[in-house]
Amino acid sequence: MVSVKIKDNDLKNAAENSIDQFLQLIIQSILEAIGGEINANTLEKLNVEQATLLAWNILHEEVMDGGYVQLIYNGYGSFIFKNPFGRVMKDWGLKSLHSHIEHASKPYKKYHKTIEQERTDEDFMALFKQLPEFDAFDDTFVEMEEIWTRQIAEYVDEHLDKFIEIVK
């Protein structure tokens, strides 16, 4: 396992500023520890909690930017839907996010091969109209994002030793 170290002062400052800064400091530190790239080799260097936090970050960034269609098109669908991400969210106490992922996996399974095909920007944008099944999931994610982010930050804060090592 890779060691992820964060200075105590940096962690305190980030936490005092916002939960977003707190999480981003931890996420960026994990990414730096694995060379900034997420792939099968680098994921092996992480524990389940660290890998799950990176998965949350990808889910969050992609869905907030372009919804589930973008997440899947950019190649992250299997990372979210074919791995135990949803189950781990349930273990972390985020039962509504677990349920959300379980329900969103149905259109993922139905359409992922179509979405994952290489296409022009124009054809990619057309997917949003062609696949309205994802609209409700996108909307729910946006509505619940603050709650889920807070819950994840609380879990991380209560289990810091699973994510990082605090140094002076």
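The values are calculated or read from the model by the stated rules, or taken from the named source; none is laboratory data. All values reported here derive from a predicted model rather than from experimental measurement. Backbone-built Cβ (ideal geometry, glycine too); neighbour counts: all protein chains shown. Ligands, DNA and RNA are excluded from the accessible area calculation, which covers all protein heavy atoms including side chains. Shrake-Rupley method; radii C 1.70, N 1.55, O 1.52, S 1.80 Å.
Inside the stretch 148-165, can you point out the residues that are open to solvent by 40 Å² or more (accessible area, probe 1.4 Å), in contact (Cβ under 8 Å) with a residue 40 or more places away in the chain and over 16 Å from residue 47 (Cβ atoms)? 150, 151, 157, listed by residue number.
Residues of the stretch 96-104 include none that is open to solvent by 10 Å² or more (accessible area, probe 1.4 Å), touching a helix residue (DSSP H, G or I) at 6+ places or on another chain (Cβ under 8 Å), assigned to a loop (DSSP other than H, G, I, E, B) and closer than 26 Å to residue 18 by Cβ. Quick one: would you say residue 90 is over 12 Å from the mean Cα position of the chain (by Cα), assigned to a helix (DSSP H, G or I) and free of Cβ contacts under 8 Å to residues at least 24 places away in the same chain? It is true that residue 90 is over 12 Å from the mean Cα position of the chain (by Cα), assigned to a helix (DSSP H, G or I) and free of Cβ contacts under 8 Å to residues at least 24 places away in the same chain. Of the residues examined, residue 62 is one that is in contact with a Leu (Cβ under 6 Å, 6 or more places away or on another chain), open to solvent by 10 Å² or more (accessible area, probe 1.4 Å) and closer than 30 Å to residue 121 by Cα.
Taking the stretch 16-57 as the range and being open to solvent by 70 Å² or more (accessible area, probe 1.4 Å) and farther than 26 Å from residue 74 by Cα as the test, the residues that pass are 16, 17, 19.
Applying the selection to the stretch 152-168, what residues are basic (Lys, Arg) and either part of a helix (DSSP H, G or I) or within 17 Å of residue 57 (Cα to Cα) (or both)? Listed by number, the list holds a single entry, 162. The lone criterion from (1) open to solvent by 20 Å² or more (accessible area, probe 1.4 Å); (2) under 13 Å from the mean Cα position of the chain (by Cα); (3) farther than 21 Å from residue 140 by Cα left unmet by residue 13 is number (2).
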